[in-house]
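A.B. asks: A single structure is presented below for examination.
The values are calculated or read from the model by the stated rules, or taken from the named source; none is laboratory data. As the structure is a computational prediction, the values presented were derived from the model and not from experiment. Virtual Cβ from ideal backbone geometry, glycine too; neighbours counted across all protein chains shown. When the accessible area is computed, the model is the full protein with side chains, heavy atoms only, and any ligands, DNA or RNA have been set aside. Shrake-Rupley method; radii C 1.70, N 1.55, O 1.52, S 1.80 Å.
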Amino acid sequence: MLHSHFRLAIIGLLVLSFATALFARGQSWDFLGYTQVDSSRDHGRIQITRRDVHSRTIQLRVSGEAIFVDRLVVHFVDGTSQELVVSDRILPGTRNFALLHERLLESVEIWYYKETWGHTPRVTLYGVRPQEGG
């Protein structure tokens, strides 16, 4: 009985590893910039440090403390912008994905609710490149 449970656990781990590898295949996350959240303001801006990356998806990573993000305003190199409603608390270590049309980014404004934080949150932005041939 114990032997069959062990074998099922091993098979489950192998399936999970295979599925994770398939999901990550073809994706390359690039660091785009970061900002420290300021408790005296209600928004911040991440200036994009990599102008050579066409991003289809952006990812926010929060460290320090959770923040409640109201919305993002994504500014593109071509002068256009796109507002993304988030309305969610983002916990440290978690990620929030936003789908975009594939374009070069210039900056991202983060609109958040002011809170009293024990540690100043940091928001880091990543962009994923489109899959080759996709």
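A.B. asks: Counting only residues that are open to solvent by less than 40 Å² (accessible area, probe 1.4 Å) and not polar (S, T, N, Q), how many does segment 78-108 have?
C.D. replies: Residues in segment 78-108 being open to solvent by less than 40 Å² (accessible area, probe 1.4 Å) and not polar (S, T, N, Q): 7 in total.
A.B. asks: Quick one: count up the residues across segment 39-69 that are among the basic types (Lys, Arg) and either in a loop (DSSP other than H, G, I, E, B) or closer than 12 Å to Trp111 by Cα (or both).
C.D. replies: Residues of segment 39-69 that are among the basic types (Lys, Arg), as a first pass: 41, 45, 50-51, 56, 61.
Filter once more, so that each one left must be either in a loop (DSSP other than H, G, I, E, B) or closer than 12 Å to Trp111 by Cα (or both): 41, 45, 50-51.
Count: 4.
A.B. asks: With open to solvent by less than 70 Å² (accessible area, probe 1.4 Å), closer than 21 Å to Arg103 by Cα and not hydroxyl-bearing (Ser, Thr, Tyr) as the only criterion, which of His75, His54, His43 stands out?
C.D. replies: Details: His54 fails: open to solvent by less than 70 Å² (accessible area, probe 1.4 Å); His43 fails: closer than 21 Å to Arg103 by Cα.
Just a single option satisfies the conditions, and that option is His75.
Yes/no per residue for (1) within 14 Å of Leu32 (Cβ to Cβ); (2) of a type in the set (A, V, I, L, M):
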residue	(1), (2)
Thr49	yes, no
Thr57	yes, no
Val77	yes, yes
Leu84	no, yes
Ala98	yes, yes
Arg103	yes, no
Trp117	no, no
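A.B. asks: Right, next: When you check Leu60 against the structure, is it in contact (Cβ under 8 Å) with a residue 60 or more places away in the chain and open to solvent by less than 20 Å² (accessible area, probe 1.4 Å), yes or no?
C.D. replies: Working: in contact (Cβ under 8 Å) with a residue 60 or more places away in the chain: yes; open to solvent by less than 20 Å² (accessible area, probe 1.4 Å): yes.
Yes; evaluated as a whole, the condition is true for this residue.
A.B. asks: Of the conditions (1) among the charged types (D, E, K, R); (2) surrounded by 12 or more Cβ atoms within 10 Å (Cβ to Cβ); (3) at pLDDT below 80, Asp38 satisfies every one except a single condition; which number is it?
C.D. replies: That leaves (3) as the condition not met.
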